[in-house]
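**Q** Sending over a structure as structure tokens; questions will come in a sec.
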Amino acid sequence: MINIDDFKKIEIVVGKIVAVEKVPDTDKLLKLSVDLGEENLRTIVSGIALYFEDFNVLVGKKCVFVANLEPRTLRGIESQGMILAVSTPDGKFSLLEPNNEIPVGTHAK
């Protein structure tokens with residue numbers, strides 16, 4: 001269990017995926033270029049490739065991201081955040097997506 005003060009440390013932000021690439025020599029990793037409303041795009045590596053036949057459906061999607069996660073290098077690529085998603089034991093999967101009225105860069109409160 002974490003307390004509310006720990007939870008408040010998590011920076012949850014709406015971002016827009018602007019580009020997607022499959023990470024070579026992996027089955028499940030995708031390299032996402034994400035607009036979080038900052039000056040530069042963020043690179044986020046995520047293990048969600050198995051849930052998409054065509055990765056291009058992700059381009060243009062607004063999703064929810066953790067922006068202040070410590071960077072981690074996966075397969076030589078620095079990941080600068082985390083996309084939030086849910087899945088069930090029977091294989092159902094969903095990215096967490098705000099409605100289109102919420103602009104990129106909006107922080108959870």
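A short reminder: the numbers here are calculations on the coordinates, not readings from a lab. From a predicted model like this one, the values you see are computed outputs, not experimental measurements. Cβ atoms come from the backbone with ideal geometry, glycine included; neighbour counts cover every protein chain shown.
**Q** Do we find a residue being without any contact (Cβ under 8 Å) to a residue 24 or more places away in the chain and touching a helix residue (DSSP H, G or I) at 6+ places or on another chain (Cβ under 8 Å) anywhere in region 46-57?
**A** yes
**Q** I would also like to ask the following. Applying the selection to region 30-48, what residues are under 12 Å from the mean Cα position of the chain (by Cα) and more than 13 Å from Lys16 (Cα to Cα)?
**A** Leu30, Lys31, Val45, Ser46, Gly47, Ile48, listed by residue number.
**Q** Could I ask something else about it? Can you name the residue in region 1-60 that is among the β-branched types (Val, Ile, Thr) and in a loop (DSSP other than H, G, I, E, B) and, of all such residues, is nearest to Lys109 (Cα to Cα)?
**A** Ile10
**Q** Return the residues of region 80-103 that are of a type in the set (Gly, Ala, Ser) and either under 13 Å from the mean Cα position of the chain (by Cα) or not in a loop (DSSP other than H, G, I, E, B) (or both); say none if nothing qualifies.
**A** Correct list: Gly81, Ala85, Ser87, Ser94.
**Q** Check Ile4, Ile12, Ile17 and return the single one that is touching a His at 6+ places or on another chain (Cβ under 9 Å) and not hydroxyl-bearing (Ser, Thr, Tyr).
**A** Values: Ile4 fails: touching a His at 6+ places or on another chain (Cβ under 9 Å); Ile17 fails: touching a His at 6+ places or on another chain (Cβ under 9 Å).
Going through Ile4, Ile12, Ile17 in turn, just one is touching a His at 6+ places or on another chain (Cβ under 9 Å) and not hydroxyl-bearing (Ser, Thr, Tyr): Ile12.
**Q** In region 1-21, which residues are surrounded by fewer than 10 Cβ atoms within 10 Å (Cβ to Cβ) and either of a type in the set (Val, Ile, Thr) or within 11 Å of the chain's Cα centre (by Cα) (or both)?
**A** Of everything in region 1-21, those that are surrounded by fewer than 10 Cβ atoms within 10 Å (Cβ to Cβ) and either of a type in the set (Val, Ile, Thr) or within 11 Å of the chain's Cα centre (by Cα) (or both) turn out to be Ile2, Ile4.
**Q** Ok, one more. In this structure, is Thr88 closer than 28 Å to Ile4 by Cα, of a type in the set (Ser, Thr, Tyr), out of contact with any Pro (no Cβ under 9 Å at 6 or more places or on another chain) and without any contact (Cβ under 8 Å) to a residue 24 or more places away in the chain?
**A** Working: closer than 28 Å to Ile4 by Cα: yes; of a type in the set (Ser, Thr, Tyr): yes; out of contact with any Pro (no Cβ under 9 Å at 6 or more places or on another chain): yes; without any contact (Cβ under 8 Å) to a residue 24 or more places away in the chain: yes.
Against the criterion (closer than 28 Å to Ile4 by Cα, of a type in the set (Ser, Thr, Tyr), out of contact with any Pro (no Cβ under 9 Å at 6 or more places or on another chain) and without any contact (Cβ under 8 Å) to a residue 24 or more places away in the chain), Thr88 qualifies.
**Q** Separate question: Limited to region 81-109, what total is found for residues that are of a type outside the set (S, T, N, Q), over 20 Å from Glu39 (Cβ atoms) and surrounded by 11 or more Cβ atoms within 10 Å (Cβ to Cβ)?
**A** Within region 81-109, the subset of a type outside the set (S, T, N, Q) is 81-86, 89-93, 95-98, 101-105, 107-109.
If we keep only those that are over 20 Å from Glu39 (Cβ atoms) too, we end up with 82-86, 89-93, 95-98, 101-102, 108-109.
Filter once more, keeping what is surrounded by 11 or more Cβ atoms within 10 Å (Cβ to Cβ): 82-85, 93, 95-98, 102, 108.
So the answer is 11.
**Q** Pull up region 22-45, narrow it to residues that are within 21 Å of Leu74 (Cα to Cα) and touching a residue at least 60 places away in the same chain (Cβ under 8 Å), then point me to the one that is surrounded by the fewest Cβ atoms within 10 Å (Cβ to Cβ).
**A** Among those that are within 21 Å of Leu74 (Cα to Cα) and touching a residue at least 60 places away in the same chain (Cβ under 8 Å), it is Asp35.
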